[in-house]
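Quick notes on the structure that follows.
The values are calculated or read from the model by the stated rules, or taken from the named source; none is laboratory data. Please read all numbers here as calculations on a predicted model, not as lab measurements. No Cβ is skipped: glycine too gets one built from the backbone with ideal geometry, and neighbour counts run over all protein chains shown.
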Amino acid sequence: MADFEPNITAFVCTWCTYAGADLAGTSRMKYPANVRLIRVPCTGRIDALFILKAFENGADAVLVSGCHPGDCHYTSGNLHARRRWTVFSELLDFVGIDSGRVTFSWISAAEGRKFADLITEVTAKVRALGPFDSYRKMSAAAGEQSNAR
Amino acid sequence: MPAEGRQLEKLRHLARHALESGAVSLVIGFAEGTVPGRAAPLFCTAPADADRLIFDGYCTLNLANYLTRPEVRAHQTVALVARHAVAKAVVGLVQESQVDPTRVRLIAIHCPDLDGLQQDVAWTVADGLQTLDEFLPTAAHLHDQELTPERFAAVAQVESKSSHDRWDHFAREFDKCIKCYACRNVCPLCYCERCIADKNQPQWIDTSSTQRGNFAWNIVRAFHLAGRCIDCGACERACPMDLPLMELNRKMKKVVAERFGYVAGYDPKADLPLVTFKKDDPEEFIK
Amino acid sequence: MSRLLPRANLEGVVAALRSAGYRVVGPVRRGSLVTYDEISSAADLALDVIITRDSIKKFVLPRTEVVARFNRDAAGKVSVLDATAAPQPTVILGCRPCDAAALPIDDLVFAWDSTDRFWFSRREAVRLVTIACANCDESCFCTSVGGAPDSPEGSDVLLTETAAGDYEVQALGERGAELLAKFPGLRDAPAADRRVAAVPQRFDLSAAVTALEKNFESPFWRQTALRCVGCGCCTFVCPTCHCFDLVDEGPAYHSERRRNWDACQMKNFTLHASGHNPRPWQEHRYRQRIMHKFLYYPSRLGRTLCTGCGRCVRACPVNLSLLQVVSDLAAGRANALPTSAGEVKK
Amino acid sequence: MTAPRPADNLYLPHLMIVDAIRDETPDIRTIRLRFCDEAVGKSFSWQSGQFGIFGVFGEGECPFCIANPPTRPGAIEFTFKLAGRVTRALRDLDVGDQMGFRGPYGRPFPIQEKFRGRHLVFIGGGIGIAPVRTVYLECLDRRAEFGEITILNAARTVADLPFAAESAELAARKDVRLILAVDPGGQTPEWSGRVGLAPAILKELAPPAAGAVAVVCGPPVMIKFTLPVLSELEFPAENVYTTLENRMKCGVGKCGRCNVGREYVCKDGPVFTAVQLRGLPNDF
């Protein structure tokens, strides 16, 4: 586990969190290099399927982040997204996916520090949780299970 | 004549009269099944067909499912033999603009929720053909029974397990899934012309019935019904492999009720909880 | 005289087969579901049930299997890799005659001009120890499609229950004899009364086939299939339905080509990319299923694609009973329609 | 995992390399392939009208007819129109990329047995010209063996007419009668070809029917209206050929989806005569 480097996929809105990440970078703030950013126009665009696809493709954790309520470039995309996340995160928890594997946050373009801190925090948490083997095993089992049955 | 027999006569009379009078051109109800313990959907277009209508505790299929079928849409006005769950699905379909409420009539059946298959249930039929608006007040009092703890017993049992055990539980259950999509195809609210599971550009959900493909399908099905599922249980009864689909659906129902104070199937004019928002929606899970 | 397996020795048979390296599967209870799954003891067997929910098909034609793998190296060069089907030697203990009979029928299509290695390598690895049916229900109709509750067709060993609850044993072919040699505790006994279900003949197959030949175009199909919701339930629980899809899945750098069960009842089954669908309505898809089973397959390959197990009848969520439909056809009801029920303009 | 043994695994494709790409119209493209394994390529043989299953690794497979006739060996060509996931992936391929191919499958046109010594009429609509073209290319390569050759190539618009450069060459030949046609409204100001629907134009052309063979392919609706015209012109139905397409997965009669009644398009077709078509149920 010591050499486990978490693989974190972050879906971020282009107007706030992506700009926040940019700020963290240009301000030379240090944060773990375990995160891959995927930029989308708005958190309202982030479908639950994105999160599942990320896990299917080997993510150990997913971060979803966008503008603070009231700041949405499209007025209410993040408020719609908030309702969906509420339900979807409960569903994931219900089927036994540790809530530490999916993080939701609001990070504005000015919050470079918050972005760097959050990535640090999430990375540490996922490092403690370990690789998302149960999902990966399931993915691997896709090849074997059928032949055994 | 025993009470049940009188109700049956009344049901058939209503259907016959609806067709004779031209109020509707199609009545969808149930006929005796081909084997004991089953009932079969019946499409009555001639008054005489009404004589084959029955109702009992095996009539569990949600007939509202047929309203979105093109063959049924071709009819100007359609009547459904509708126990409460069927009417709730009609509410959902109207709410989502899939069905024109002026083209639907209900032959309302009042009976207990048909959760499992049971032959003997006490039922009565409403006095006349009803529009959805006429029906709704007669069922408004049932809203309070939607959230009783008994309904969520299975959910509570899963919730009481550890995260790890919940994962194992669902992994075991989803593994049984053979991807026949009976759950989707009997669901009155799964009306999409092309389901996300059938889309391949991109292929969001693996079509293969692998553990991974089954997981994605079952999660997404439950999520797409969140706030829309009217808790009729048709999916779970249709599942040939006995997946506990209602555990997921009821969990979603519970979350939506707790978080957004909404129960599906009562108000055709309400906003769907997942396509609307409030400024002060709870967000304690968001960092 | 006949060979007898005392019921108490079933446990010994399971143990012997397992120690001979076989995976032993049989009908087991999983909550409310009775399905074929691996067993470690005869006590796991649910032998009192008439029939399992799904068929033994999954052991020869898994619901999904890899047929090829594609690896792409860093330079983008692709290597095409065969997927080996190295199936585990398996004994299905407590298989039903209507399940066993399905395999020789499907052999025909998988050997039609070209040989499907995946099917036959599994077929080679699976041994069927069938238990003749002592009971049946109203959905069973093996006798109407040329089968029988004690038919040896397709089995390697046939067990028939005696009045005393033991099993009369019959080995079929070399494979059966070889397998039976591994059964411990067989003894010779005078022929006893056998418990075999009396499955009534429910329709006249040849009359049904004649009706199908005449009724490709008939309002019968619309009436019948109006209630069909187009799921794959009937085809997936069917022991003879073998239609499949080939799909590519997985990450771009190591994708795999899979063969998955597919169902003619689903509207995407025949949908062209252009948007044209040769079977645009559910009535067409339902007709295809019946025609394929009772007319096309027999006329091309010589066997009816149905063993009368009745699973589709039991599993259909809308009680669209194939048994009823074929009985109706055989009784000429497609020619003279009794009611206008379901007559709907398009 | 063992080495590929295509003969053994019906679903294992040959590894192919994209040799050339030619755009026929904005959405129709021809790709030329060669076998990675040259030995396989050398021994590979096919006949006009047979099809292959072409695949992009990780995306899936589609059936297309082999577009170059056996008289033009040394490569495998296929022409396709952008429609779904696989054709989109095929359009993403560049020269030098690898893809998969299985085949040849199905029954060819009986050129040797039934076409020789006869007048030939070829009618293609839209992408439907592709399989027809294979046959006329072969017949042109063996020109002396046939009577008059008439080709009607119809499309919605001028831009949708495939094989333009080839058409110009054909138009210049004295031994072929080539008619290009577009649907009303599909013409440009410079358009010198015909304007109208294929069946109507065919009726006008009235090619000699006595002892002639016709090959038709196009969208279902075009075939539906062209066959009656051919029979009006007194083409004997047994001399009218078409090639059907259906959704297909295996190509070898196993997967159970291309059948039209008792006939499997992959095994009994894709080439059918109008007589055979008449015997098929209305399920295609």
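Descriptive notes on the structure:
- Search result, residues across the range D:173-182 that are assigned to a loop (DSSP other than H, G, I, E, B) and surrounded by fewer than 18 Cβ atoms within 10 Å (Cβ to Cβ): D:ARG173, D:LYS174, D:ASP175
- Helices (runs of 4 or more DSSP H) lying entirely in the range B:1-98 (those with 3 or more residues that are over 19 Å from the mean Cα position of the chain (by Cα)): B:3-20
- Contact annotation: residue pairs with Cβ atoms under 7 Å, 6 or more positions apart or on different chains, pairing a residue in the range C:71-94 that is under 30 Å from C:ILE51 (Cβ atoms) and more than 9 Å from chain D (Cβ to nearest Cβ) with a partner that is in a loop (DSSP other than H, G, I, E, B) and among the hydroxyl-bearing types (Ser, Thr, Tyr), are C:PRO89/C:TYR22; C:THR90/C:TYR22; C:VAL91/C:TYR22.
- Selection within the range C:12-47 - more than 20 Å from the chain's Cα centre (by Cα) and of a type in the set (Asp, Glu): C:ASP44
- Candidate set: the range A:1-51, residues that are more than 23 Å from A:GLY130 (Cβ to Cβ) and of a type in the set (Asp, Glu); chosen: the one surrounded by the fewest Cβ atoms within 10 Å (Cβ to Cβ): A:ASP22
- Residue match in the range C:142-155 (condition: surrounded by 19 or more Cβ atoms within 10 Å (Cβ to Cβ), more than 14 Å from chain B (Cβ to nearest Cβ), among the β-branched types (Val, Ile, Thr) and in a strand (DSSP E or B)): no
- Qualifying residues in the range C:234-261 (those that are crowded, with 22+ Cβ neighbours inside 10 Å and out of contact with any strand residue (DSSP E or B) (no Cβ under 9 Å at 6 or more places or on another chain)) - the one nearest to B:SER208 (Cα to Cα): C:VAL237
- Scanning the range D:270-282 for residues that are within 14 Å of another protein chain (Cβ to nearest Cβ) and either among the polar types (S, T, N, Q) or within 20 Å of C:PHE244 (Cβ to Cβ) (or both) gives a single hit, D:ASN282.
- Test for A:ALA54: is it outside any strand (DSSP E or B), buried (at least 21 other Cβ atoms within 10 Å of the Cβ) and small (Gly, Ala, Ser): yes
- Residues that are under 22 Å from the mean Cα position of the chain (by Cα) and among the basic types (Lys, Arg), drawn from the range B:245-287: B:ARG250, B:LYS251, B:LYS253, B:LYS254, B:LYS269
- The residue pairs whose first member lies in the range B:265-287 and is more than 9 Å from chain A (Cβ to nearest Cβ) and in contact (Cβ under 8 Å) with a residue 24 or more places away in the chain, whose second member is part of a loop (DSSP other than H, G, I, E, B) and surrounded by 13 or more Cβ atoms within 10 Å (Cβ to Cβ), and whose beta carbons are closer than 6 Å, counting only pairs six or more residues apart or on different chains, are B:GLY265/B:ILE230; B:LEU272/B:GLY227.
- Subset of the range D:204-229 (residues that are charged (D, E, K, R) and either crowded, with 22+ Cβ neighbours inside 10 Å or closer than 19 Å to D:ARG194 by Cβ (or both)): D:GLU204
- Listed by position, the helices (runs of 4 or more DSSP H) contained in the range C:209-301 that have at least 3 residues being at the interface with another protein chain (Cβ under 9 Å from one of its Cβ atoms) and in contact (Cβ under 8 Å) with a residue 60 or more places away in the chain are C:233-237, C:282-291.
- One residue alone among A:ARG39, A:ARG82 is in a strand (DSSP E or B), over 23 Å from B:PHE174 (Cβ atoms) and among the charged types (D, E, K, R), and that residue is A:ARG39.
- Number of positions in the range D:142-168 that are over 20 Å from D:GLY128 (Cα atoms) and not in a loop (DSSP other than H, G, I, E, B): 3
- Within the range D:230-257, the set of residues being buried (at least 20 other Cβ atoms within 10 Å of the Cβ) and hydroxyl-bearing (Ser, Thr, Tyr) comprises D:TYR241, D:THR242, D:THR243.
- Cβ pairs under 8 Å, 6+ apart, first in the range B:145-173 and at the interface with chain A (Cβ under 8 Å from one of its Cβ atoms), second of a type in the set (Phe, Trp, Tyr) and crowded, with 17+ Cβ neighbours inside 10 Å: B:VAL158/A:PHE94; B:GLU159/A:PHE94; B:ARG166/A:PHE94; B:PHE170/B:PHE215; B:ALA171/B:PHE215
- Residue in the range D:33-45 that is touching a Cys at 6+ places or on another chain (Cβ under 8 Å), in a loop (DSSP other than H, G, I, E, B), not assigned by TED's automatic domain parsing to the domain that holds D:PRO162 and not charged (D, E, K, R) present: no
- Tally of residues being buried (at least 20 other Cβ atoms within 10 Å of the Cβ) and at the interface with chain B (Cβ under 7 Å from one of its Cβ atoms) across the range A:98-122: 5
- Entirely in the range B:99-208, the helices (runs of 4 or more DSSP H) that have 2 or more residues that are aromatic (Phe, Trp, Tyr) and surrounded by 15 or more Cβ atoms within 10 Å (Cβ to Cβ): B:163-176
- For B:PRO240, the criteria (1) assigned to a loop (DSSP other than H, G, I, E, B); (2) more than 7 Å from every other protein chain (Cβ to nearest Cβ); (3) touching a residue at least 12 places away in the same chain (Cβ under 8 Å) hold in every case but one, which is (2).
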